[in-house]
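All of the numbers you see were taken from the coordinates with simple rules; none came from a lab. What you are looking at is a predicted structure, and each value in this text was computed from that prediction instead of being measured. FYI the Cβ positions are ideal-geometry reconstructions off the backbone, even for glycines, and counts take in every protein chain you see.
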């Protein structure tokens, strides 16, 4: 009922071997269980995302101190003129 | 006197009266960590030298200000603490050093609390036993053959084992209340919007909330006061006037209306848990509460709705872990292979399952049938709560249907998911709920009773749970 390769691609995961088999089996069981939601009449019901009392607001567009290069470098060595290294994207 | 048996309130008072020093307090808890944590394994990381240095600094202060002055607290490892490794129990964040403090952590530091360590949890807070941690299992200090619950299992175990005076965890579907119940301590999930999520590693953003795990209700009220409030860095926090929850504790509960949920009997609840619930209710009735049966008709649909909504949000939130800027770095000749390798190596099985479920539920052709349907069911559940609260002040129910289970006892993901049937509905609705220990089963494992309040009525549930806590010794077998 679901195309595992397509979902993996969308999720940027690449499952293999036994793990893949086990996960497919689990997902089938879980998705099957979700079918009980079909019993519920949700006609004219609005979906709920944020609960009571929470209102989204806009913050003033004021500059704040961001992360320093020194802090950033604690997690990943930057190179050249302070760039992150990524794999080649264009020209593939 | 064993300092580690004192409550937060008692400890702060003794420090302020100079009967004990902050250093002695910290040393007492560090000693317990040294002696017990090789076995319990509540902590992923501690920094003794730094902690002791902070304690010495606080002892030098002549003005001892702060609601938690000198109190050693443990922080769940999915909350950023500046300069510490924050892994969220995942290999993908191994070596990641937090470059900032979460708002909650900033508030703890402002009140002069001391962060004693980072606690183990299910990877990205996805689980109910802490067995999904990529690092190791945490044991239940009450009986080490059993799980401590999850996902904040390390936080709960650290308090139960007296390795921290109190702890903080996060609760997306029960991750504070279930481990609190399993370990015999108090755990509060505040109202969604009460506490800033800034600096909490996001799992299900519309459900996540940070809350305290403590030795008793009063300590929970003290810590809640420390962390709540509007935060410009989290646009879902609510600007409400500052509330002193401690003022609610000793109020008379006479005339309070309590709701018992009719549908609970449709679930398989352990005999002793049912008995504890009956005892708790009669305790509250003896103190003048009135009990009404109410209905949450969509209760049984909460679990499937949650396991669509939370993974959907997670699949989006966890897309940021790509190996480029921090954490694990995979291999690959091109960018896609690099991403896939990083994520496939970095995430554990349960996290992969949830990312895949969420990706599926949000994908073209399935969105309406799965995610949208679940979000509508969520609305119905919130409406059920709203209707119930027209007639009652709070709800009383078990935190979990059973006491703690053994390691490897839950064989399938669905079986594990069922552990949260009584805690998930509150996250979907956004209401506050507290779990307090109330009695034990025949194996000596603690039972948790849950008190659920109306939106932003934490004071009310502190009031009722405090009354229950105070009464239980004399009234319950």
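Key figures
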read-out	value
Where N is the number of residues in the range B:3-248, Cα Rg divided by 2.2 N^0.38 Å	0.91
FRET efficiency, residue B:409 to residue B:266 (Cβ-Cβ, R0 22 Å, nearest 0.05)	0.45
Sequence-separation-based contact order of chain B, relative, with Cα cut under 8 Å and 6+ spacing, percent	17
Those residues of the range A:55-92 whose amide nitrogen sits under 18 Å from the label point placed on residue B:325, 7 Å along Cα→Cβ	A:63-87
Relative exposure of B:285, B:324, judged by other C-beta atoms within 10 Å (fewest first)	B:285, B:324
Extension gain, residue B:345 back to residue B:372 (0.36 nm per residue minus Cα-Cα distance, nm)	6.6 nm
Estimated FRET transfer efficiency (residue B:285, residue B:442; beta-carbon r; R0 35 Å; 0.05)	0.85
Per-pair calculated FRET efficiency, R0 = 51 Å: residue B:333 and residue B:386 via Cβ, rounded to 0.05	0.40
Spacing of the two label points (7 Å from each Cα toward its C-beta) at residue A:87 and residue B:13, in nm	6.2
Taking B:1, B:416 and counting other C-beta atoms within 10 Å, the order from fewest to most	B:1, B:416
Relative contact order of the range B:181-227, pairs being alpha-carbon contacts under 8 Å that are 6 or more residues apart, as %	43
Value of Rg to Rh for the range A:1-42 (Rh from inverse mean 1/r over Cα pairs, i.e. Kirkwood)	1.10
Sequence-separation-based contact order of the range B:142-202, relative, with Cα cut under 8 Å and 6+ spacing, percent	32
